[in-house]
1. Name every residue in the stretch 166-189 that is among the β-branched types (Val, Ile, Thr) and either in contact with a strand residue (DSSP E or B) (Cβ under 8 Å, 6 or more places away or on another chain) or not in a helix (DSSP H, G or I) (or both), in order of residue number.
2. Condition (residue is acidic (Asp, Glu), over 15 Å from the mean Cα position of the chain (by Cα) and closer than 19 Å to Asp325 by Cβ) applied to the stretch 171-194: is it met by at least one residue?
3. Yes or no: Leu118 in contact with a helix residue (DSSP H, G or I) (Cβ under 8 Å, 6 or more places away or on another chain) and either β-branched (Val, Ile, Thr) or within 15 Å of Arg33 (Cα to Cα) (or both)?
4. How about the stretch 212-226: which of its residues are in contact (Cβ under 8 Å) with a residue 40 or more places away in the chain and either of a type in the set (S, T, N, Q) or part of a loop (DSSP other than H, G, I, E, B) (or both)?
5. Do any strands (runs of 3 or more DSSP E) lying entirely in the stretch 75-165 carry at least 2 residues that are modelled with pLDDT of 95 or more, and which ones are they?
6. Hey, could you check the stretch 240-267 for residues that are under 16 Å from Gly319 (Cβ atoms) and aliphatic (A, V, I, L, M) and say which is nearest to the chain's Cα centre (by Cα)?
7. Which numbered condition in (1) more than 24 Å from the chain's Cα centre (by Cα); (2) surrounded by 14 or more Cβ atoms within 10 Å (Cβ to Cβ) is the only one that Asp270 fails?
8. Condition first: outside any helix (DSSP H, G or I), over 24 Å from Ala59 (Cβ atoms) and free of Cβ contacts under 8 Å to residues at least 24 places away in the same chain. Now tell me which residues in the stretch 238-261 satisfy that.
Amino acid sequence: MTISDRKHILQNNSDNKTEEIKNLKGMIFDIKRFATGDGPGIRGLIFLKGCPLSCKWCANPESQKFRSEIIYYKNNCVGCGKCIKSCQYDAINEDDSFGLVTDQAKCVNCGDCVEACLHDARETVGEEKSIEDLLNLIRKDRSFYDNSGGGITLTGGEPLFQCEFTVELLKAFKRENIHTAIETTGYTSQECLAAAVDYLDLIFYDFKHIDDDKHQEYTGVSNQIIKENLLWLNNNLKEEKIIIRIPYIPGHNSAVETQKRMYKYLKQFDKIKRIEIMPYHRLGAAKYEGLGLDYELKELEPVKKKDLNHFVELGEKIGVKVRIDSK
């Protein structure tokens, strides 16, 4: 075999690998254009489906399962019954109190009921998209990112739940010199984190509770992996890239002493830019009903930003920068 033949084979292998990566698909449930607040400038937010946590306050319950789902919007339903007739699996039934109920054990998410509904009362959430699909969409807004110092933020769900896809997507954005950020629970393997970190300009890192038992009670998982990954990030980053996000949930982590302990713990990490407190809201509560799920925190009242300003002062006393999120 000649040197020319070897080069030709290597080039073909490289081209095939590039094509495979372009066609690699991830499960996406939403894309928001022209967003602000989740990173600098104007941004595109890409929401990836699948999450190992099941936080009781989750604003996007449709993000948790790694598959497409059908969500029902009761207020749009006129009770015509077309969805019931369209379902060949007999998965949709009438309910006096709720309107229509979908038996998730029978539903195969075929989408026939969505097509039959003329009133937008049913929607398929979650669609496979390739890296090339997303690049083509993002390129349309490139000038807005460049002019505002913006970029792309991957969120979810947990983006690193789809590790291979997420890492290759980040690489593709960096090849086009697009600023990248991620919102992560930190609940992933260290190998996945290591594969992604070099292609990230900013990391929003959730820290929900300092106590492991409380963390398990409200999220379904231990916080040990989250703590270990935060330590690994801090030891391996060369500059401040981490913004800690603490969801402020009354009755869960709202006590001043709990917040104080979290701030003192986080103070040791020198790659943290700041801490952001995310006030509890109920904007996602209706989605639970639409997915046939129970929203356990329905009795909690939303928290106002002005009621949390004292935590900024508490942070100053401890020596950490705290900001109250205003989204």
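1. Thr166, Ile178, Thr180, Ile182, Thr184, Thr185, Thr188
2. No, the stretch 171-194 contains no residue that is acidic (Asp, Glu), over 15 Å from the mean Cα position of the chain (by Cα) and closer than 19 Å to Asp325 by Cβ.
3. No, not satisfied.
4. Scanning the stretch 212-226 gives Thr219, Gly220, Val221.
5. Qualifying strands (runs of 3 or more DSSP E): 122-125, 127-130, 151-155.
6. Ile244
7. Only one criterion is unmet by Asp270, namely (2).
8. Lys238 - this is the single residue of the stretch 238-261 that is outside any helix (DSSP H, G or I), over 24 Å from Ala59 (Cβ atoms) and free of Cβ contacts under 8 Å to residues at least 24 places away in the same chain.
The values are calculated or read from the model by the stated rules, or taken from the named source; none is laboratory data. For clarity, every value in this text was computed on a predicted model and none was experimentally measured. Methodologically, a virtual Cβ is constructed for each residue, glycine included, from the backbone with ideal geometry; neighbour enumeration extends over all protein chains shown.
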